[in-house]
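This report concerns only the one structure given below.
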Amino acid sequence: MKIKICGQTRLEDIEYSFERGADFCGVVIEVPSSKRSMTIKKAKPLFEEPLMGKMVALTADADHSLYKEISDVLKPNAVQLTANETAEDIKKIKEKFGFKIFKSLHLPMEGGRASSPEKFLDKMKSYTDAGADAFILDTLVPEMHGGSGKKSDWKLAGKILLESRADTFLAGGIGLDNAKEAAELKPYGIDLASGVEISPGVKSWEKIDLLFTALGR
């Protein structure tokens, strides 16, 4: 199972995350609603180290100029689309820039209104056909595009993970207390931000270490 540690803002935290065993690290780029958002200029050093071959740049409804700047300056391993991007958007981005594309899907919060797995599976198929390489099942929180620390409906997530053949991460409210439970749903990977932080964007090395220990790594 892959581990993605997202919402990174400090080079030392990224280096420690990879040293401890993370498979991917994510940096939020130009997303005003996120407390962890960075400009291209500030994010550039985080993508330059030799270990940074598995860096993911997160965007939300970005325009062509931002994708081009991400491509030219950051050269990430993948771009994660976290908002309302369509299958047609994915197709255009893939054709123009050749990024690996991770697409976020936002599930209802735990205890919220029930939803059908078919709705999400149909979206995943259309995105896959357009060129998406992986998915992140995150939590629907109004005016946010991830990093809320809120847990989604994991029963729904489990059904989606069981039926989908796509590489799919589980995100949203994962921390030291439930990482093993998340792993039991057998996702391709788990994706954490607030669950291993001291404050937004500042990672706790102790929590990162405890996370990997809890997962037997």
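Descriptive notes on the structure:
- Fraction of beta bridges assigned by DSSP in the chain that are antiparallel (%, nearest 5): 10
- Within the shell of other residues whose beta carbon sits under 10 angstrom from the beta carbon of residue 189, the net charge comes to -1, with Lys and Arg scored +1 and Asp and Glu -1.
- Stretch gain in nm, segment residue 215-residue 12, where the contour uses 0.36 nm per residue and the Cα spacing is subtracted: 70.8 nm
- Computed E for residue 199/residue 1 - FRET, C-beta separation, R0 30 angstrom, nearest 0.05: 0.65
- Cross-link pairs beyond the 28 Å C-alpha cut-off, checked among 151/203; 94/119; 42/155; 35/151: 42/155
- Per-selection Rg to Rh, region 43-121 - Cα, Kirkwood hydrodynamic radius: 1.06
- Residues of region 51-79 with an amide N closer than 13 Å to a point placed 7 Å from the Cα of residue 35 along the Cα-to-Cβ direction: none.
- Each eigenvalue of the Cα gyration tensor of the chain, multiplied by 5 and square-rooted, gives one semi-axis; in descending order these are 23, 22, 15 Å.
Readers should treat all values here as calculations from the given coordinates under stated rules, not as data from a laboratory. Predicted, not measured: the structure shown is a model, and the values here were computed from it. With ideal geometry, Cβ positions are generated from the backbone for all residues, glycine too; neighbour counts draw on all protein chains shown.
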